[in-house]
Amino acid sequence: MSTPTASTFEEVTQAVAGVEGWMTPGQARRLWTCSRAVRTGGRIVEIGSFRGRSMIVLASAAAEGVELVAIDPHAGNDRGPQEIDGFAEAAADDFEVFNANLSAAGVADRVRHVRKFSGEALADVPGAIDLLYIDGAHRFGPALDDIKRWSAKIEPGGDLLIHDCFSSIGVTGALVASLFFGSDFRYLGRSESMTHYRKEPLGTGERARNAARQAANLPWFVRNVVIKALILAKLGQVTRVFGHDPETWPH
Ligand SMILES: C[S@@+](CC[C@H](N)C(=O)[O-])C[C@H]1O[C@@H](n2cnc3c(N)ncnc32)[C@H](O)[C@@H]1O
């Protein structure tokens, strides 16, 4: 059994520096902290692993005896920003690179890869989940399906992290339709577009406050949609007025 090459957050930051992906340093820190908090015998599930950038952080932080499951069909859909369909060839490479990256980071034999779409993989993960990270399909329907069906498997007190919130229209719509007014998940905050929820029962007053705290992010969402529209209209330089780097897609 190999051991992770990184045992500190600083080391894992270096380990993933050359791994393609969109996870920011702040988001890596949140993944690291949440993964560290999972008890031995617990289970971490990631939906959407791409080339392993975020899974390397989760697996390097996890205590021995924590099960790690990566669900990704590597089928060529929702590969990255504006890569929604038709990337099967690139995704075949992603699968190879994912395995190579996990091996290089010393975590390949800690992670069970389920090469399926999340909607077809529920039976592959029997039992409860302590930490669920969703970064797979970004369209409204499948994003909502992931949030509803997979978050139902989270243990009380467990954590839910979701990428591309308040930046992707589909994912944000799915949030509004599920977690905004729900009674099961408390909103704890976000690192850029990565939101963090904890499974806890909420009373009526708390639900209203929970919705208001999430809704406070809507101006930032509008800003991100405007930035994306400007980039698509080849007016990226104008995004500087929002303090944005025109070379990057908001995430
Ligand atoms: C944005 S990338 C994930 C990036 C990764 N979390 C990281 O930080 O390195 C999205 C990934 O989701 C996968 N994906 C798309 N639809 C999916 C689905 N329904 N279930 C699981 N994975 C999916 C794609 O194959 C792609 O690799």
Which residues, taken from region 144-153, are of a type outside the set (D, E, K, R) and either assigned to a helix (DSSP H, G or I) or surrounded by 22 or more Cβ atoms within 10 Å (Cβ to Cβ) (or both)?
144, 147, 150, 151
Yes/no for residue 245 being of a type in the set (D, E, K, R), assigned to a loop (DSSP other than H, G, I, E, B) and surrounded by 14 or more Cβ atoms within 10 Å (Cβ to Cβ):
no
Here the residues within region 1-55 that are under 23 Å from residue 114 (Cβ atoms), exposed (fewer than 13 other Cβ atoms within 10 Å of the Cβ) and touching a strand residue (DSSP E or B) at 6+ places or on another chain (Cβ under 9 Å) are 39, 41
Name every residue in region 90-110 that is of a type outside the set (Val, Ile, Thr), surrounded by 15 or more Cβ atoms within 10 Å (Cβ to Cβ) and under 17 Å from residue 80 (Cβ atoms), in order of residue number.
91, 94, 95, 98, 101
Residue 231 passes all but one of (1) outside the structural domain of residue 47 (by TED's automatic domain parsing); (2) open to solvent by less than 20 Å² (accessible area, probe 1.4 Å); which number fails?
(2)
How many residues of region 112-143 are more than 12 Å from the ligand (Cβ to nearest atom) and either part of a helix (DSSP H, G or I) or open to solvent by 40 Å² or more (accessible area, probe 1.4 Å) (or both)? The answer is 5
Only one of these is away from the ligand (no atom under 12 Å from the Cβ) and either at pLDDT below 95 or under 18 Å from the mean Cα position of the chain (by Cα) (or both): 32, 22. Name it.
32
Taking region 60-72 as the search range and keeping residues that are assigned to a loop (DSSP other than H, G, I, E, B) and crowded, with 20+ Cβ neighbours inside 10 Å, which one is nearest to the ligand (Cβ to nearest atom)?
72
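The values are calculated or read from the model by the stated rules, or taken from the named source; none is laboratory data. What you see is a predicted model; the values in this text were computed from it and never measured. Don't worry about glycine lacking a Cβ; one is built from the backbone with ideal geometry, like all the others, and counts go over all protein chains shown. Accessible surface areas use protein heavy atoms only, side chains included; no ligands, DNA or RNA. Shrake-Rupley method; radii C 1.70, N 1.55, O 1.52, S 1.80 Å.
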